[in-house]
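Scroll down for the structure; my scribbles are underneath it.
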Amino acid sequence: MGLLSDPYRRRALSRLILRLNTPLCILSYLAGLGWFLGLASPPFTLRSYMSENAMGSTMVEEQFVFGERALSYAREFAGHKKKVGGIPVAWLEKTMWNLGLEVYKQPFSRTLPFPDETRERYMVKGTNVYGILRAPRAASTESLVLSVPCSMGQHNNQAVGLMLALASYFRGQIYWAKDIIFLVNEHDLIGMEAWLEAYHDVNVTEVLSSGMLGRAGAIQAAVSLELSSDVITSFDVAVEGLNGQLPNLDLVNLFYAFCQKNGLLCTIQGKLQRTDWDTLPAYVHSLQTLLLMVLKQGSGRPQGDHGLFLRYHIEAITVRGINSFRQYKYDMGTVGKTLEGMFRKLNNLLERLHQSYFFYLLPSLARFVSIGVYMPAVGGLVLVLVLKISPVPQLQGEWESSGLQQGQA
């Protein structure tokens with residue numbers, strides 16, 4: 001404290017920093033960069049673990065057996081979608097109603113500031129369709145969301161079929177303590193934003209909609225599902241949301257735990273995790289995964305529909321089924337069991353997810369880097385700006401004041 005309070009010592013320190021400014025900036029930059037490159041190595045990472053006690057065990061016996069029914073729903077949906085040239089609203093309403101859900105639709109429109117990339121249109125119109133499964137064991141105070149984006153062509157037809165099959169299966173269970181919303185949103189992010197704004201009775205992006213006729217409880221968590229094949233070889237999870245927001249780490253760990261339990265290959269940033277952590281190829285692989293996550297966060301663009309839930313403090317992830325040339329393939333039954341296990345665990349929550357990390361980096365799904373570990377790298381890089389900005393004005397002010405005092409003397 002004496003160094004900072006004594007004007008002569010402070011002036012000497014400022015002159016020293018100014019004289020060694022360039023070497024200090026180079027040293028600070030290299031230290032921050034070196035620390036960041038070391039984040040992918042095992043000494044800087046921790047093993048993933050579940051912080052929420054209600055989701056700490058995966059000893060739930062999943063019994064989803066409607067895999068063939070999911071494929072049947074997917075084929076029917078694809079036929080009606082091709083017939084009407086868009087989302088088959090009437091067929092979805094009828095099917096959800098027959099499953100015993102409360103069914104609602106939400107027409108919306110949005111005037112774009114720039115023309116759409118695919119059709120060069122300034123006006124987007126669509127309809128969201130959602131069904132609510134009321135909890136038989138509790139009042140409608142809390143809810144979960146399973147959403148499926150509906151796009152043009154054959155994309156995501158299987159996801160709609162699996163969602164309807166899950167709704168049919170969930171309808172026959174009596175252990176639900178939270179409402180479950182099954183949502184089919186049109187036009188991807190635009191439709192999802194329209195639905196979220198109407199659900200929370202706000203208007204941030206000037207989307208025109210008919211309002212929300214039916215609501216469930218406060219949304220605790222959400223999963224966005226994307227499937228475009230009858231079988232998958234792996235699951236890829238997207239966590240980056242709007243402006244780099246991330247969901248609670250427990251939700252990502254829950255997805256990873258049930259993938260491990262059901263023998264599903266799971267990836268992040270499209271990369272499988274390696275087990276040989278102490279080798280150079282494994283380090284390079286983890287560093288690439290880490291850099292991809294940082295770049296996607298820096299872009300500020302949500303990597304799925306889940307990214308819009310995060311701005312409403314709703315923990316959400318996007319799960320994508322990948323069908324590649326790998327040897328092992330999984331059917332809809334295995335995928336349905338994974339989602340069933342996740343929703344049954346989320347159903348046990350007594351409060352919002354809050355015990356685990358909200359700021360982290362993932363070199364793989366099995367390990368993570370906490371904010372306390374990667375912030376020194378950020379501090380080292382930011383210190384370069386501080387060193388370049390602070391000394392010169394301070395010294396100029398001191399020189400002016402000393403010159404003024406000498407002139408008065």
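Specify the residue with the greatest mean-square fluctuation among A31, A159, A70, computed from a Gaussian network of the chain linking alpha-carbon atoms under 10 Å apart.
It is A31.
Quick one: in the stretch 50-161, what % of C-alpha pairs are over 21 Å apart?
On the way: 3344 of 6216 pairs.
Considering the stretch 50-161, 54 percent of its Cα-Cα pairs are separated by more than 21 Å.
When each pair of different Cα atoms in the stretch 255-365 is counted once in the 1/r mean, what is the Kirkwood radius in angstroms, to one decimal?
For the stretch 255-365, the Kirkwood estimate is 16.1 Å.
Convert 10 °C to kelvin, take the viscosity as 1.306 mPa s, use the Kirkwood radius over C-alpha pairs of the stretch 136-228 as Rh, and evaluate the Stokes-Einstein diffusion coefficient in µm²/s, rounded to a whole number.
111
About its Cα centre, how strong a charge dipole does the chain have in debye, to the nearest 20, once Lys and Arg get +1 and Asp and Glu get -1 at the Cβ?
Once rounded to the nearest 20, the dipole reads 380 debye.
At 1.4 Å probe size, with no ligands or nucleic acids counted, give the accessible surface of L46 in Å², nearest ten.
Here the residue's solvent-accessible area equals roughly 80 Å².
Report, please, the projected area of the chain averaged over directions, based on the convex hull of its C-alpha atoms, in nm².
If you wrap the Cα atoms of the chain in a convex hull and average its projections, you get 27.0 nm².
Tally Lys/Arg at +1 and Asp/Glu at -1 over every other residue whose Cβ is under 15 Å from the Cβ of I180; what's the total?
+3
For E102 and Q154, calculate 0.36 nm times their separation in residues minus their Cα-Cα distance, and state this gained length in nm to one decimal.
16.0 nm
In the chain, with Lys and Arg counted as +1 and Asp and Glu as -1 at Cβ, which of these residues, A377, G341, L18, has the Cα nearest the positive end of the dipole, that is, farthest along it?
L18
In Å², what does the accessible area per residue of the chain work out to with a 1.4 Å probe?
48
Bin width 10 Å, origin at 0, all Cα-Cα pairs of the stretch 1-103: what percent of pairs per bin?
10, 15, 13, 13, 14, 12, 9, 13, 1
Exactly which trypsin sites (Lys or Arg not before Pro) in the stretch 77-167 are in a DSSP loop and have at most 15 other Cβ atoms within 10 Å?
Numbers: sites: K81, K82, K83, K94, K105, R110, R119, R121, K125, R134, R137; in loops: R119, R121, R134, R137.
Within the stretch 77-167, the qualifying trypsin sites (Lys or Arg not before Pro) (loop, at most 15 other Cβ atoms within 10 Å) are R119, R121, R137.
Work from the charge dipole of the stretch 170-232 (Cβ charges, +1 for Lys and Arg, -1 for Asp and Glu, about the Cα centre) and give the residue of A198, L227, L213 farthest towards its positive end.
L213
Have a look at N253, S299, A177 and report the one farthest towards the positive end of the charge dipole of the chain, computed about the Cα centre with Cβ charges (Lys/Arg +1, Asp/Glu -1).
Of the listed residues, the answer is S299.
Hey, got the dipole for the stretch 227-334? About the Cα centre, +1 on K and R Cβ, -1 on D and E Cβ, debye to the nearest 20?
For this selection, approximately 180 debye.
Compute the Cα gyration tensor for the stretch 164-317, then decide on rounded, prolate or oblate, letting a ≥ b ≥ c be the square roots of its eigenvalues: rounded whenever a/c is under 1.5, prolate when a/b is larger than b/c in the other cases, and oblate in all that remain.
Numbers: a/c = 2.32, a/b = 1.44, b/c = 1.61.
It comes out oblate by the Cα gyration axes.
What do you get for the angle between helix 67-84 and the principal long axis of the chain? Use alpha-carbon atoms, 0 to 90 degrees, nearest ten.
Compared with the principal axis, the helix lies near 90 degrees.
State which stretch of the chain is the longest one without any exposed chymotrypsin sites (Phe, Trp or Tyr not before Pro), exposure meaning a DSSP loop state and at most 13 other Cβ atoms within 10 Å.
176-324
Can you give me the Cα centroid spacing of the stretch 5-73 and the stretch 187-207 in angstrom?
32
Over the chain, what relative contact order in percent results from Cα pairs under 8 Å that are six or more residues apart? If you can, show how the numbers build up before the last one.
Details: 744 pairs, mean separation 101.5, N = 409.
Contact order relative to length: 25 percent.
Amide H of D188 versus every other amide H placed in the peptide plane: which residues, excluding those fewer than 5 positions away on the same chain, fall under 5 Å?
C150
From the P(r) of the stretch 266-326, can you give the percent of Cα pairs sitting at distances over 14 Å?
Every Cα pair in the stretch 266-326 considered, those over 14 Å come to 67 percent.
The values are calculated or read from the model by the stated rules, or taken from the named source; none is laboratory data. The shown structure was predicted, so the numbers you read here are calculated from the model rather than taken from an experiment. Please note: Cβ atoms are built from the backbone with ideal geometry, for glycine as well, and neighbour counts cover all protein chains shown. We work out accessible area using only protein heavy atoms, side chains counted, and drop any ligands, DNA or RNA first. Shrake-Rupley method; radii C 1.70, N 1.55, O 1.52, S 1.80 Å.
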